[in-house]
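Inspection log for the structure reproduced underneath, given as structure tokens.
The values are calculated or read from the model by the stated rules, or taken from the named source; none is laboratory data. Values in this document were obtained by computation on a predicted structure and should not be read as measured data. Quick reminder, even Gly has a Cβ in these numbers, built from the backbone with ideal geometry, and neighbours come from all protein chains shown. Surface accessibility is based on the protein's heavy atoms, side chains included, excluding ligands, DNA and RNA. Shrake-Rupley method; radii C 1.70, N 1.55, O 1.52, S 1.80 Å.
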Amino acid sequence: MISLHWVILLPIIFGTVAKLISITTAKKIMVLFQSALLVCVTLIFVAVRKNGPVLENIGGWPDTIGITLRADLLASAMVLLTCFLFLAMVIFVHNKHYADHLFFFLFLSLESLIIGIFLSNDLFNIFVLIEAATMIITILIMYKQAHVAIYDGLMYFLINVVAMSFFLMGLGMLYKKIGVLDFNALETVLSQVKDPQSLILPYAFMITAVSLKAALMPLFSWLPKAHGTPSAPSVVSAILSGLYVKTGVYVFLRLQIAFSPLFDTSELFVILGFITAIAGFMLALAQKDIKLLLAYSTVSQIGVIMIGINLDNPVAYWGGLYHLMNHAIFKSTLFLTAGMIISEYKTRNLDEVKGVFEHMPAVGVATILSILGIIGAPLFNGSISKYLIASGSSGTWIEYGLVFINLGTMVVFIKYGQLLFGSSGKKETVDSDILEKAVVLTLGILCFLGGLFGSELIAILFNIDLSVDLLSYGIKMLLFVGSLFLGLLIYRGLFKKSNCLAFINSFELGFNEICLSITLFFAFMVLYLRVSL
């Protein structure tokens with residue numbers, strides 16, 4: 001079995017070596033390399049599932065001093081998802097003119113860093129990897145050098161530097177207090193701490209930074225501009241919105257597990273997740289820009305994930321993790337197809353795009369499959385994960401809140417889905433790149449397979465059996481149909497002719513306002529922890 005550190009290093013090494021050969025040859029070899037890497041990661045996943053977590057100590061130093069890598073079931077599943085999506089993206093950009101040596105070096109370096117975040121067992125190493133990823137993502141956002149993209153890239157960079165300064169401050173205070181940053185040692189040491197008050201500030205600093213990386217309310221305003229910036233390559237938007245934002249959720253989970261003996265903030269983050277989900281779909285409804293609508297819907301779905309993983313219920317927890325992986329698939333598909341649509345229609349304005357089914361049939365099919373996934377249509381992947389989260393919240397206000405959130409998601413994608421229908425005004429069907437069509441159709445089909453074999457996939461990915469009760473699932477199907485009908489009425493009454501939420505767009509936060517919101521969130525966390533202890 002390949003060592004964990006090679007899984008991290010190989011993409012960046014190959015991205016460097018690829019500069020020595022022609023770009024045409026490099027692109028072909030890159031597909032083979034990504035396929036081989038996916039096979040290796042699959043073998044690691046199988047080994048972890050069979051034998052338990054794999055721990056690798058680099059350099060032979062003690063765990064609390066050296067660099068330690070750890071592949072448990074969740075980490076290896078996330079690495080598997082990462083390698084699969086990057087393989088899909090490498091195939092997608094095979095014939096793109098902007099996909100040169102520099103692009104692939106940056107793109108594969110980002111893959112290495114994301115894998116490293118998932119496998120790292122040390123908070124300081126995670127900090128370093130996130131900082132490096134921030135620099136690379138900033139360059140990728142600005143890659144086509146459009147003025148708006150440069151502004152959005154710099155805004156992304158500065159905001160994340162501020163947030164990770166909070167994280168570093170928390171790391172320093174934590175290390176001074178207890179002397180370890182390794183997750184395994186942290187869990188042991190923190191379980192023996194008798195004065196939780198002394199660790200409020202370190203925890204508050206770090207959880208503030210991680211909440212921004214995960215795009216929680218009110219710290220998400222940076223995300224839509226970064227993920228939906230006009231000239232960013234569609235594969236970059238797909239990776240950022242489909243995958244990279246999940247690193248924030250992943251680190252959040254690791255922090256919560258480590259600090260669980262001291263602080264129980266799960267109820268607070270359920271509420272924040274609920275508010276985030278509502279704010280996300282309302283802001284998505286206010287958009288006319290195709291990519292901004294999709295970016296704000298990511299904020300809403302992150303809220304749903306946070307609800308699931310913070311509910312004190314194992315069914316909801318695994319449902320939240322499955323939704324995290326489902327979102328990576330259908331949101332990547334949506335961003336890729338959006339890029340193809342924008343490239344063909346030469347506009348990002350939703351009102352100016354019609355007849356995608358007629359003019360771009362393959363793109364239309366992939367789009368509708370991913371829409372059915374994100375709105376939780378019966379037999380699609382989103383329906384299984386949302387069903388599990390709802391089942392875990394049965395009998396509480398959250399159950400009804402989830403229905404409302406999904407209704408909002410439906411209205412958003414009823415609005416978005418209008419681009420599929422009508423007449424395109426174009427005389428012939430466009431002949432899109434065959435590789436692009438193959439990628440988006442494959443991802444779209446996975447949205448269906450993820451629902452059809454949802455229980456089996458959960459059992460494979462997380463080694464836990466969660467059966468779907470056919471009667472309660474049938475009731476959810478009826479509720480879905482009713483919500484869809486109501487969503488159509490809401491869209492026709494409030495959003496089809498004039499957008500009643502358009503005024504929200506005028507409340508755009510600048511750098512100073514975002515920094516203020518970070519500070520206020522930190523102050524709120526400190527106050528909440530002091531009061532709740």
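Assess whether Gly320 counts as being within 27 Å of Met89 (Cβ to Cβ) and touching a residue at least 24 places away in the same chain (Cβ under 8 Å). Give the steps one after another, and end with the answer.
Numbers: within 27 Å of Met89 (Cβ to Cβ): yes; touching a residue at least 24 places away in the same chain (Cβ under 8 Å): yes.
So Gly320 fits the description; yes.
Take the conditions within 25 Å of Lys28 (Cα to Cα) and touching a residue at least 60 places away in the same chain (Cβ under 8 Å) and apply them to Phe105. Does it pass? Don't jump to the end; show me each part of the working.
Numbers: within 25 Å of Lys28 (Cα to Cα): yes; touching a residue at least 60 places away in the same chain (Cβ under 8 Å): yes.
It is true that Phe105 is within 25 Å of Lys28 (Cα to Cα) and touching a residue at least 60 places away in the same chain (Cβ under 8 Å).
Run down Tyr322, Tyr317, Tyr250 and say which single residue is modelled with pLDDT of 90 or more and more than 24 Å from Gly408 (Cα to Cα). Before the answer, list the steps.
Details: Tyr322 fails: more than 24 Å from Gly408 (Cα to Cα); Tyr317 fails: more than 24 Å from Gly408 (Cα to Cα).
Exactly one residue qualifies, and that residue is Tyr250.
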Query raised in the report: In the stretch 271-326, which residues are within 26 Å of Phe448 (Cα to Cα) and among the basic types (Lys, Arg)?
Result: Lys291
**Report entry** Failed criterion for Pro261 (all others in (1) within 16 Å of Leu311 (Cα to Cα); (2) at pLDDT below 90; (3) not small (Gly, Ala, Ser) hold)
**Finding:** (1)
Query - Residues located in the stretch 284-293, provided they are closer than 17 Å to Asn499 by Cα and in a helix (DSSP H, G or I) - result: Ala284, Leu285, Ile290, Leu292, Leu293
Requested in this report: Residue by residue through the stretch 387-410, note down the ones that are in contact (Cβ under 8 Å) with a residue 60 or more places away in the chain, among the aromatic types (Phe, Trp, Tyr) and open to solvent by 40 Å² or more (accessible area, probe 1.4 Å).
Outcome: Phe404
Report task. Inspect all residues belonging to the stretch 361-379 and state whether any of them is free of Cβ contacts under 8 Å to residues at least 12 places away in the same chain and closer than 17 Å to Ile475 by Cβ. Result -> no
Query raised in the report: Can you name the residue in the stretch 108-146 that is charged (D, E, K, R) and within 19 Å of the chain's Cα centre (by Cα) and is also surrounded by the most Cβ atoms within 10 Å (Cβ to Cβ) among such residues?
Result: Glu111
Query raised in the report: Got a sec? Which helices (runs of 4 or more DSSP H) wholly within the stretch 183-283 have at least 1 residues that are among the hydroxyl-bearing types (Ser, Thr, Tyr) and surrounded by 19 or more Cβ atoms within 10 Å (Cβ to Cβ)?
Result: 200-213, 234-239, 245-259
Query raised in the report: What is the one condition in (1) in contact with a Leu (Cβ under 8 Å, 6 or more places away or on another chain); (2) open to solvent by less than 60 Å² (accessible area, probe 1.4 Å); (3) more than 21 Å from Tyr250 (Cα to Cα) that Val90 does not satisfy?
Result: (1)
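Quick one: would you say Glu344 is in contact (Cβ under 8 Å) with a residue 24 or more places away in the chain and of a type in the set (Asp, Glu)? Give the steps one after another, and end with the answer.
Working: in contact (Cβ under 8 Å) with a residue 24 or more places away in the chain: yes; of a type in the set (Asp, Glu): yes.
When the stated conditions are applied, Glu344 passes them.
If the requirement is being under 18 Å from the mean Cα position of the chain (by Cα) and over 17 Å from Ile126 (Cα atoms), which of these qualifies: Leu199, Leu190, Leu223, Leu212?
Numbers: Leu199 fails: under 18 Å from the mean Cα position of the chain (by Cα); Leu190 fails: under 18 Å from the mean Cα position of the chain (by Cα); Leu212 fails: over 17 Å from Ile126 (Cα atoms).
The conditions single out Leu223.
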Query - Test: residue in the stretch 312-323 that is among the polar types (S, T, N, Q) and open to solvent by 30 Å² or more (accessible area, probe 1.4 Å) - result: yes
Report summary line: Expected output for the stretch 163-178 (first residue more than 13 Å from Thr208 (Cβ to Cβ), partner polar (S, T, N, Q) and modelled with pLDDT under 95, Cβ below 8 Å, 6+ apart or cross-chain) is Lys177/Ser198
Requested in this report: Determine if the stretch 1-21 includes at least one residue that is closer than 21 Å to Phe462 by Cα and at pLDDT 90 or above.
Outcome: no
Report task. List every residue pair whose Cβ atoms sit under 8 Å apart, with the two residues 6 or more apart in sequence or on different chains, where the first one lies in the stretch 261-275 and is in contact (Cβ under 8 Å) with a residue 60 or more places away in the chain and within 18 Å of Ala390 (Cβ to Cβ) and the second, anywhere, is in a loop (DSSP other than H, G, I, E, B) and open to solvent by less than 70 Å² (accessible area, probe 1.4 Å). Result -> Val270/Leu311
Query raised in the report: What residue, among those in the stretch 86-102 that are part of a helix (DSSP H, G or I) and of a type in the set (Phe, Trp, Tyr), is farthest from Leu32 (Cα to Cα)?
Result: Phe92
**Report entry** the stretch 24-57: number of residues that are open to solvent by less than 50 Å² (accessible area, probe 1.4 Å), part of a helix (DSSP H, G or I) and touching a helix residue (DSSP H, G or I) at 6+ places or on another chain (Cβ under 7 Å)
**Finding:** 13
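In the stretch 58-72, what count of residues is obtained for those that are modelled with pLDDT under 85, touching a Leu at 6+ places or on another chain (Cβ under 9 Å) and either surrounded by 15 or more Cβ atoms within 10 Å (Cβ to Cβ) or more than 20 Å from Ile115 (Cβ to Cβ) (or both)?
Filtering the stretch 58-72 down to residues modelled with pLDDT under 85 leaves 58-67.
Filter once more, keeping what is touching a Leu at 6+ places or on another chain (Cβ under 9 Å): 58, 63-64.
Still in the list and also either surrounded by 15 or more Cβ atoms within 10 Å (Cβ to Cβ) or more than 20 Å from Ile115 (Cβ to Cβ) (or both): 63-64.
So the answer is 2.
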**Report entry** Residues of the stretch 68-85 satisfying the condition of being touching a residue at least 60 places away in the same chain (Cβ under 8 Å) and not in a helix (DSSP H, G or I)
**Finding:** Thr68, Leu69, Arg70, Ala71
